[in-house]
Structures are given as C-alpha cells and as structure tokens.
2 protein chains.
Amino acid sequence: MKTCLDCIPCFFRQALEASKLAGASPRTQQRVLNELAKICSSFSLKSSPPETGRIVYRLVNRITEKKDPYTKIKAESNQKALKLYPRLKRRIAHSSDPMAAAVSLAIAGNIIDYGVKNSLNVERELKKIMKEETRLIPKENKKFYQYTKFKGALSKANTVLYLADNAGEIVFDRLLLEEIQKEDPLKQIIYAVKSRPIINDALAKDARQCGVDRIARIFESGSDAPGTVLSLCSQEFLRTYRKADIVISKGQGNFETLSLSQRPVFFLFMAKCPVVARHAGCRIGDIILRCGGKK
Amino acid sequence: MKTCLDCIPCFFRQALEASKLAGASPRTQQRVLNELAKICSSFSLKSSPPETGRIVYRLVNRITEKKDPYTKIKAESNQKALKLYPRLKRRIAHSSDPMAAAVSLAIAGNIIDYGVKNSLNVERELKKIMKEETRLIPKENKKFYQYTKFKGALSKANTVLYLADNAGEIVFDRLLLEEIQKEDPLKQIIYAVKSRPIINDALAKDARQCGVDRIARIFESGSDAPGTVLSLCSQEFLRTYRKADIVISKGQGNFETLSLSQRPVFFLFMAKCPVVARHAGCRIGDIILRCGGKK
C-alpha cells in the first residue's frame, strides 16, 4: 500500500501531536512543522505510509531531542492491559470457542494506536473492548473475516511468526499465543518487535513486561519503521519471515507494508484510518482477519 | 482568536479536499500541497484562522484555476434547505416561543460548513436538524446560551446587521429574519455576505436564491475571507458595522475574527473544530449564542 496525498495532512497532525507528547515548547513544535514542510514534497508516493511515517517521527525525535517520547505511555499501556489480563483470560476460557474468542480479542486490542489518535485514552478504549460482549466472535466473512482459513493454516504450522504492533496490545497478543500453545505445545512461536523506538510500537522490553517471553521467542526485526518494511529488516528476520509456516501480522502498519508481500500473511487489524479502510475495502472501525500477500 | 499550530495540519487537509472538489488531477493536488508547504512557515500565528484560511484557499484556486469550486455545492445546499423551508416555518409557528425556536434553528443551520468537513452530506445534516425536536430550544445559560440578553438587545435595535456564513444555512437565517421582522416590521435588516467566493460561504446571489432579499438588504462586506476580517472589509461595511444597533454574527469564521471586536456582537454558531471549541470554552457540537466583543 502506498503513501497517498491524504497521508500528508495526517503526517503534519502526527508530527505536531508527537512533538507535544515529547514535551516540546510551542516554538519547537513550530520548528517541527516547518522542517516537515521543507521535506514533505520529497516524500515518495511509491513508499508505504510507515516508510514515510518513519521519516516523520525521526524528524520529530531529532528536533525535540527525545529518543522515545512514548516510553511512559507504553509502560502505562502495558500495565493497564495487564490488569485486564485475568478477566480477558476468563472470558476466553468461558467462550464457546476459546481460539475464536482469543483471535477477535487480539484484533480488538489493536485499538491501542497512538499513530492514529495521539490523545488516546487507553483506559476508555480497553473498557470499550470489555463491554462489547456481543461481538466477541465476528461472523465468518470471505472478504473480511477468514477465521476458518486462519485456523486451518495455523493448525498445520510448526513455526509461527507473529508480527507485533503496539505496546499494551501485546497483552492481547499473549492471550492468543497462549491459546495457540494450548492447542499445540510444540509449535515454535516467534514474536517480532521493532528494534528501536517508533511511536508506541512494542519493543522487546514491552514484550517481556507483558510476559510474552514465557510463550514465545522475542525477536527484533532490525527496523524502526511503524510497520514491517522488509528492506529495513535484518537478514535474520528476512530468513525467518520467508521460512515461517504462518505469518500473523498485527495492526495497520504491518498491513500497509506487507499487503502485497511475496508470501501469504494473515492480517489481523482494526481499520482506523480512511486510507487503510479504502485500501482494505472496509469501513473505519472494522475488525479484519484476512489472508493477504501472494499465495 | 489566533491561528494556532493545530490549524496547520487542518489547512493541509482543507487545501487537499478543496483541490479534489475543484476537480484537480492528483498531480495538481500534489502541487497544491507542495506550494502550501512552501508558504506555511510564513503564516502568522497572530492572524485569525480565517485570515490564514483565505491565503490557503486563494492558493488552491490559483493552482487549480477554479475561481469558485463550490458553485454547484452552494446552489445544491440552497435548494435542499429551501425544500425544508415550509416544514421549518411550520415548526417555528407551532413552537411555544417562535423567536426562540427560530434562533436555535438558525444556529443548527450552521452545521452546513465545508471548511470543517469537506465531504459534508448536507441532506443528512439537515435531516439531523429536523429530527432533533427535543432540543429545539436550548436552555438559557450565562456562558453559552444568552437568549434573554439577545432578545432584549434585539427588541431595542432599529438597525440589525446580520453577518451571514454559509450557503444553504441562509434559509435558516431567513426564518430568523422573518421572525425579527414579524415582531417589528420597521426594523432595518442588513444581511452581509462575502464579496467574492470563498469555500461555501454565502454570496449575494445565494442570499437572493434563498429569498433573503425580500426581508433584508443584501450587503457585500468587501472581503473574501471566510470570516469578517475588518481590515479587508469596505469602508461602507465598516461604517455599518460600527453604527448598527445590533450585530448578529453567524458561524465559526465570524466568531474567530470578531470575538475580540471593539463593539458588542452576538455570536450564533455551532462549535465544529477543537481549536474554536477551546477558544469558546465549549465542546464540539455545542450550539452557542453568546454576546462577545467589548461591551
């Protein structure tokens, strides 16, 4: 998926919000916008939005002199989601189809995304998830919710590469990984996180904070793009990506960068921006589980 | 009220949407964004948002070579609102307080605003207004809904200067003007519109299309800013503005430009953007009737 002109105003919004979050003075915030204005005409509309977003956030970090303005937010998101863990675990256990429930909850957890909505109230969003009992398991749908296909591919897989998205959301991933492991304790699960901070994307320490290291091998992609830009990933990651029996990709950023991948990938995400929704052919707020990439 | 940094991403969004609406090719749309990027660092944060907005829309018109991309939209908005006129008229007539009902409907009509939301569905917004029977007359509120003060000032006024906002919305203004005239047929009503096209702001021809010329003198402000920037208005307008017994100002743009005016002004608008809502101390979607400016 390519950066489109609608992404440009959004990058300005994101840069401003990220600068505020970094505690920048209004003068520095203005400098960020001015510097972005200087380079935005050079953005390639052939690159994916996360490739461009990476440039934008690096600019913000450089000017605000904060390497990881989201440190505190990420730790808080993890803690808040961890608090919900026992209730979510029970909910899955009591469901008529625990795996299906774990999958849909993992996607619902994708609501925690600071790139889309910087003034996110994680607590409120998590409460929303907890309330939505009725739509715990979405209906099978050939275009948007290919659960049967997913479950089939998963049952055949020995190695699972799971591409993480955001901090906090990892707790929801963990619940799904635990279900996967429960069904087959011998499956090898690799949980890929970013190598360096970018927005509120999960890092290795977030994965450990949320206890994912108990069920999966935490693996750094080598990149700091808010998605999986293969050209920026390490050779080791690329080998794993090519060889894994199944790739489970969480979030918009990974969908934006891998939707045209050379290998099949299962995309689990919530459509949160109009450009992604248009590309996926769905509506904003839709919960998507779809096999993409070349089959 | 001054342009703030949050306005910058919004100007990019508005410029892009206006370019699309003008039928510009993607290449031209990109040129608009690039040209805006070149000049946005020169925007003064001491100017009001409509002053800056005027520069942005003039840039769009220059590059897309369309003088009035909203011509069709404005005519349609007028027609759609005119269709509702008989129903709205009856609703006011059957209300326990027709003047109060006409005032609140005039503010509700302010929902028709392409600057805020370019992909506006006028029909849907109008339907919303028609449905909201329950809140036809908002409660008196010292900060946000000073109806008693407004009615008192109006009853004493011989000359009324009414600052129009958008096409379509004019029909709602007309209903209020008719109530004003019904209470005192000798009141002189002056209805001020923009002199040249800007977004979907009402021009003299829109006022005539909606029949405002039957009750008021249509008067061009001399300006094409999406608000009333006094320094851009004609001397004749300024004299009228200073001398009128009461000034009724419709919409966000007029509030943004006149909230610190040297004379008292009654602002009637719906808060539609976070920056305006913050300045007014209200929430987005709030219906505001407030006397502002220096008293």
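The values are calculated or read from the model by the stated rules, or taken from the named source; none is laboratory data. These numbers come from a predicted model, not from an experiment. Ideal geometry is used to build each Cβ from the backbone, glycine not excepted, and the neighbour counts take in all protein chains shown.
Only residues that are more than 7 Å from chain B (Cβ to nearest Cβ) and touching a Phe, Trp or Tyr at 6+ places or on another chain (Cβ under 7 Å) were counted in the stretch A:1-17, giving 1.
The set of residues in the stretch B:18-29 that are among the polar types (S, T, N, Q) and more than 9 Å from chain A (Cβ to nearest Cβ) comprises B:S25, B:T28. If you go through the stretch A:90-103 and keep only what is surrounded by 16 or more Cβ atoms within 10 Å (Cβ to Cβ) and either within 17 Å of A:G168 (Cβ to Cβ) or without any contact (Cβ under 8 Å) to a residue 12 or more places away in the chain (or both), you end up with just A:A102.
In the stretch B:46-54, the count of residues that are outside the structural domain of B:Q181 (by TED's automatic domain parsing) and in contact with a Phe, Trp or Tyr (Cβ under 8 Å, 6 or more places away or on another chain) is one or more.
B:I199 satisfies every condition listed in (1) touching a helix residue (DSSP H, G or I) at 6+ places or on another chain (Cβ under 8 Å); (2) at negative phi except (2).
Residue-wise test of (1) modelled with pLDDT of 90 or more; (2) within 16 Å of A:G251 (Cα to Cα); (3) not assigned by TED's automatic domain parsing to the domain that holds A:Q79; (4) not in a helix (DSSP H, G or I).
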position: A:I92; (1), (2), (3), (4): yes, no, no, no
position: A:K127; (1), (2), (3), (4): no, no, no, no
position: A:K139; (1), (2), (3), (4): no, no, no, yes
position: A:G152; (1), (2), (3), (4): yes, no, no, no
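Kindly provide the set of residues from the stretch B:163-200 that are part of a loop (DSSP other than H, G, I, E, B) and surrounded by fewer than 18 Cβ atoms within 10 Å (Cβ to Cβ), ordered by number.
First, the residues of the stretch B:163-200 that are part of a loop (DSSP other than H, G, I, E, B): B:164-165, B:167-168, B:184-187, B:194-200.
Once the filter is applied, which keeps residues that are part of a loop (DSSP other than H, G, I, E, B) and surrounded by fewer than 18 Cβ atoms within 10 Å (Cβ to Cβ), the stretch B:163-200 yields B:D184, B:P185, B:L186, B:R196.
Checking each residue in the stretch B:238-283 for being without any contact (Cβ under 8 Å) to a residue 60 or more places away in the chain and within 18 Å of B:L105 (Cα to Cα) picks out B:F267, B:A271. Within the stretch B:30-73, take every residue that is surrounded by 22 or more Cβ atoms within 10 Å (Cβ to Cβ) and modelled with pLDDT under 95 and give me the one that is nearest to the other protein chains (Cβ to nearest Cβ). Checked the stretch B:30-73; the qualifying residue nearest to the other protein chains (Cβ to nearest Cβ) is B:P69.
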